[in-house]
Amino acid sequence: MSVHVKPGHAMTPRAHIAVCPPHFFEVAYSINPFMEPSRWEIDATAYHEHAVQQWNKLTDTLARLGVRLELLQPHAGVPDLVFTANAAVVLDQKVLLARFKHKERQAEEPYFRAFFEMLQSRGLVSEIASLPQAIHQEGAGDCVWDPARQMFWAGYGPRSDMGAADYVRDFFGKPVVPVKLQTAQYYHLDVSMAPLTGGEMVYYPEAFSPASVGQIQDHVGNPDNLIAVSAEDAANLCVNAVNIERDIIMAPCSNQLRGHLTERGYQVHTVPLTEFWRSGGSAFCLTLRLDRYSDGFLSRQAKKTVLHSVETA
Ligand code: ARG
């Protein structure tokens, strides 16, 4: 078994993304309806090898598209560590660490913390914060940045608490809209919605309470920007997509969904991720953007750079 990650590009990367090689990935417990350890056991070695191949393909695709990958060291006994989206909410170099609901995943928290401390020592992170003990929040898996609207969507119900939204708002100083996930199947927000860079919203309405569907529709406004996926695309975790500018990296989807995306100017790159479906995860879950910046942050940085160049001229 080997994982290989292409060396970084000489050009400026288009995104900086944390991933964790699936050395220890398996389905050893069940904390969502996709996970069936007894089925995994039937052919564990083959599934694992296949998962490694699929992960390699995903990371190769990202590297080819100009993404700089940051590797988190895998550890035995925490098979879901591959799902780096759940590590934290990250914006403007600030990190709000996840607090997992299930004890199986709580064991990942020290590894994620150490990873962000390492990034802080390299100057890539300015601040690391934790939520109060009693509040659960599962990182970017349940708190998705909407670049077109400059706000967070915060999923709550199965894993994260509604109250986490207030902490996210206070820590990052950005608007947060809490939305209720009403099914066991679509247990994280990132398997239920994907706000795209152009303002479109890919989502599975059945995953949300009726009031939350109303809120999503109100915020998106223009009905042309609402892309509701079929039950089949939702079950294949196609909503769980990585979107970098006009590129979308996702598990194979229906022609219909692909058509909706391409006619809006997106380029769809599909990667088979069937072994990760066994754990309830797909492309977005396996990644965490470390370079998400709000427009306000970027314009402050630009001003600083101008001032600096004036001062040093
Ligand atoms: N088995 C993992 C869990 O149930 C899958 C997590 C997928 N991550 C995500 N962001 N949706 O927690």
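Structure values in brief
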{"read-out": "Residue in the range 241-251 that is in contact with a strand residue (DSSP E or B) (Cβ under 7 Å, 6 or more places away or on another chain) and open to solvent by 40 Å² or more (accessible area, probe 1.4 Å) present", "value": "yes"}
{"read-out": "Long-range neighbours under 9 Å by Cβ, at least six apart or interchain, first residue under 9 Å from GLU200 (Cβ atoms) within the range 221-232, second in a strand (DSSP E or B)", "value": "ASN225/MET201; LEU226/MET201; LEU226/VAL202; LEU226/TYR203; ILE227/ALA194; ILE227/MET201; ILE227/VAL202; ILE227/TYR203"}
{"read-out": "Residue in the range 129-139 that is at pLDDT 95 or above, closer than 30 Å to THR262 by Cα and surrounded by fewer than 22 Cβ atoms within 10 Å (Cβ to Cβ) present", "value": "no"}
{"read-out": "Positions within the range 209-223 being open to solvent by 30 Å² or more (accessible area, probe 1.4 Å) and part of a helix (DSSP H, G or I), in sequence order", "value": "PRO210, ALA211, GLN215, GLN217, ASP218, HIS219, PRO223"}
{"read-out": "Tabulated pairs, the range 179-192, first among the acidic types (Asp, Glu), second open to solvent by less than 20 Å² (accessible area, probe 1.4 Å) and modelled with pLDDT of 95 or more, C-beta under 7 angstrom, 6+ apart or interchain", "value": "ASP190/ALA85; ASP190/ALA140; ASP190/GLY141; ASP190/VAL144; ASP190/ASN240; ASP190/CYS285"}
{"read-out": "Of residues in the range 62-95 being under 24 Å from LEU189 (Cα atoms) and assigned to a helix (DSSP H, G or I), the one farthest from the ligand (Cβ to nearest atom)", "value": "LEU62"}
{"read-out": "Filtered residue count, the range 269-295, keeping only those that are assigned to a strand (DSSP E or B) and crowded, with 19+ Cβ neighbours inside 10 Å", "value": "2"}
{"read-out": "Unmet requirement for CYS20, which otherwise passes all of (1) under 24 Å from TYR156 (Cα atoms); (2) within 16 Å of the ligand (Cβ to nearest atom); (3) buried (at least 19 other Cβ atoms within 10 Å of the Cβ)", "value": "(1)"}
{"read-out": "Close pairs (7 angstrom Cβ cut-off, 6 or more residues apart or separate chains): exposed (fewer than 11 other Cβ atoms within 10 Å of the Cβ) in the range 34-48, in a helix (DSSP H, G or I) anywhere", "value": "none"}
{"read-out": "Subset tally (residues that are away from the ligand (no atom under 13 Å from the Cβ) and in a loop (DSSP other than H, G, I, E, B)) for the range 239-268", "value": "9"}
{"read-out": "In the range 52-61, the residues that are surrounded by fewer than 22 Cβ atoms within 10 Å (Cβ to Cβ) and either in a loop (DSSP other than H, G, I, E, B) or not polar (S, T, N, Q) (or both)", "value": "VAL52, LYS57, ASP60"}
{"read-out": "Some residue of the range 142-157 being over 21 Å from GLY173 (Cβ atoms) and surrounded by fewer than 19 Cβ atoms within 10 Å (Cβ to Cβ)", "value": "no"}
{"read-out": "The range 137-184, subset touching a helix residue (DSSP H, G or I) at 6+ places or on another chain (Cβ under 6 Å) and among the charged types (D, E, K, R), residue nearest to ARG105 (Cα to Cα)", "value": "GLU138"}
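Each row is one residue, and each column tells you yes or no for (1) among the polar types (S, T, N, Q); (2) more than 13 Å from the chain's Cα centre (by Cα); (3) within 20 Å of PHE208 (Cα to Cα).
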residue: GLY139; (1), (2), (3): no, no, yes
residue: ASP142; (1), (2), (3): no, no, yes
residue: ASP146; (1), (2), (3): no, no, yes
residue: TYR156; (1), (2), (3): no, yes, yes
residue: TYR167; (1), (2), (3): no, yes, no
residue: PHE171; (1), (2), (3): no, yes, no
residue: VAL176; (1), (2), (3): no, yes, yes
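The values are calculated or read from the model by the stated rules, or taken from the named source; none is laboratory data. Not measured: the values here are computed from a predicted model. Neighbour counts run over all protein chains shown; Cβ positions are idealised from the backbone, glycine included. Heads up: the accessible areas ignore ligands, DNA and RNA and are worked out on the full protein's heavy atoms, side chains in. Shrake-Rupley method; radii C 1.70, N 1.55, O 1.52, S 1.80 Å.
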